[in-house]
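Only the coordinates and a few stated rules stand behind these numbers; no lab work does. What you are looking at is a predicted structure, and each value in this text was computed from that prediction instead of being measured. Cβ placement follows ideal geometry from the backbone for every residue including glycine, while neighbour counts extend to all protein chains displayed.
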Amino acid sequence: MNIAVIGMGYVGITTALLFCKLKYKVVGVDTNASKLEQLQKGRLPLYEPGLEELLNRHLTQHTIAFTSDIEQAVKTCDIIFITVGTPSKADGFTDLRYIKEVAGSIGRYQNAYKIVVMKSTVPVGTSEKVREWVIENQSQPFSVDVVCNPEFLREGMALYDALHPDRIIIGAERAEAAEKIKYLYTSIASPKLITRLRTAELIKYTANAFLALKISYINEIGRLCDAHGVDVGDVADGIGMDQRIGRAFLNAGIGWGGSCFPKDIASLMHMFEQKNIKPDILPAVQRVNETQVTYYIQRLEKLLGGVQGKNISVLGIAFKPNTDDIREAPAMKVIQKLHQKGAYLKVYDPVVFKHRQLQLPAMVCTKVEEAFEESDCIFLLTEWDSFVQMNWEQYLPLMKTPMIMDGRNALDGHALRQIGYMYYGIGKNEK
Ligand code: UDX
């Protein structure tokens, strides 16, 4: 069985390499020639631990190839995964242009029965439309099944998550098609749930929105913890022991970002609106996340007596550790807001600036100590291991005001206070 994966983004590359690892022959398809050239040379166009080694192994074994020739890929593969982007606008409208184009090409070049598998996150009902778009473009009436197999992997953990998913969701309208896709994953021990097509689409959005909800909830509780001098981490531990709640995704901080949560929540809200149903919970989840940045900045202004003319150094710009992704990163919002308020900004990230050149209203440091020099506050916004584990004591004398604002509640506040820092997190303040 040959597999084509169309769209060499995060999900596409991981999916392609996963199936190579599961001993299938895979062809990765994309329209971006320079990306294909890089991949063919064994270079990953993104930062993701473990994936580049796997890519090189499968290039050497000739079990993976990359092409822009979608016609050839469709003709030679039985199963075609669609992993192209589904950008969404601020109002939640999801742009299905790329999906429609790919579906059209599949129809146009179809030469036998095919299973088209939707991995891209798409609004409810899209997979059914994909089948129509394929059929509309066929030159002869070949049969086609569309299956929705959403991806739940986290950036920075892509390979691990792909190999050890909590569950594999397979949505289909025909049991035979679902079974064929289930068979692909035989050697992965995770539970597999077969559902209707639309159900699988909605599971993906509901899961992401629920995770964001957990974070927004603990962040709101964090504000109350601040007011009472209660440690929000202890509250999270205490409620997390209840198996119905669970401890995961209850780490309070500056809020959630990334390429999925903001887009998927906006898109889910749009789905409600289209059916004239008013969601109450989702807007609140969004609102807490938006006001969280303001909450931190107001505290900083209070602590420093205003931020105008103050030297503030941001540690970490990625939306979370182990990725160079800055999409919807809270750090970007913090930098913009502090700049507007007249602060002098420096920023250091151990990975992002090695991969990206960014236009920022901040001085980019090449070493972490530069961020400490003459600084009035270190604002930690990505909890990279190198920050959590570094020797903070050696940098204290470099600072003008030895203040740390821990936007991720990732540091040992007690130890930092003992060595002379003024340390603040959310719900971490001693009363
Ligand atoms: C998420 C989902 O976890 C994944 O299942 C889905 O496929 C894609 O979206 P990802 O965007 O890679 O994955 O990041 P994730 O690890 O979920 O973190 C999202 C954001 O929430 C980050 O900004 C992170 O810093 C923040 N977060 C996470 C918290 O603030 N607190 C937490 O307890 C957990």
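List of remarks:
- Percent antiparallel among DSSP beta bridges (both partners in segment 2-195, rounded to 5): 5
- Length-normalised contact order of segment 210-424 in % [C-alpha pairs under 8 Å, at least 6 apart]: 18
- Considering only beta bridges that DSSP places wholly inside segment 1-93, some 0 percent are antiparallel.
- Of all aspartates and glutamates in the structure, those lying under 14 Å Cα to Cα from Lys21, and not within fewer than 8 positions of it along the same chain, are Glu52, Glu53, Asp161.
- In the chain, the convex hull through the Cα atoms has an average projected area of 21.8 nm², a quarter of its surface area.
- Computed from the C-beta positions of Glu370 and Ser139, the FRET efficiency with R₀ = 45 Å rounds to 0.15.
- The label-point distance for Gln243 and Arg417, in a model that sets each label 7 Å from Cα toward Cβ, rounds to 3.7 nm.
- The alpha-carbon of Lys310 sits under 14 angstrom from the alpha-carbons of these aspartates and glutamates, leaving out residues fewer than 8 places away in its chain: Glu301, Glu373, Glu374, Asp376.
- With 23 Å as the limit on Cα-Cα distance, the pairs of Lys214/Lys428; Lys89/Lys114; Lys100/Lys214; Lys89/Lys275; Lys75/Lys119; Lys129/Lys275 that go past it are Lys89/Lys114; Lys100/Lys214.
- Percent antiparallel among DSSP beta bridges (both partners in the chain, rounded to 5): 5
- Relative to the longest principal axis of the Cα atoms of the chain, the long axis of helix 330-340 lies at roughly 50 degrees.
- FRET E, pair Ser187, Gln274, Förster distance 51 Å, beta-carbon r, rounded to 0.05: 0.80
- Look at where the Cα atoms of segment 82-129 and of segment 274-316 average out, and the two centres are 34 Å apart.
- Working from Cα pairs under 8 Å separated by at least six residues, relative contact order for the chain is 12 percent.
- 5 angstrom amide H check on Val84, placed H, neighbours 5+ away: Ser120
- Tilt relative to the chain, helix 175-184 - C-alpha long axis, 0 to 90 degrees, to 10: 60
- Peptides 67-78, 237-248 ranked from most to least packed give 67-78, 237-248, packing being the mean of other C-beta atoms within 10 angstrom over each peptide's residues.
- Under-5 Å amide H pairs with Glu328, H placed in peptide plane, nonlocal only: Gly258
- Cα-based helix-to-principal-axis angle, 197-228 vs the chain, degrees rounded to 10: 0
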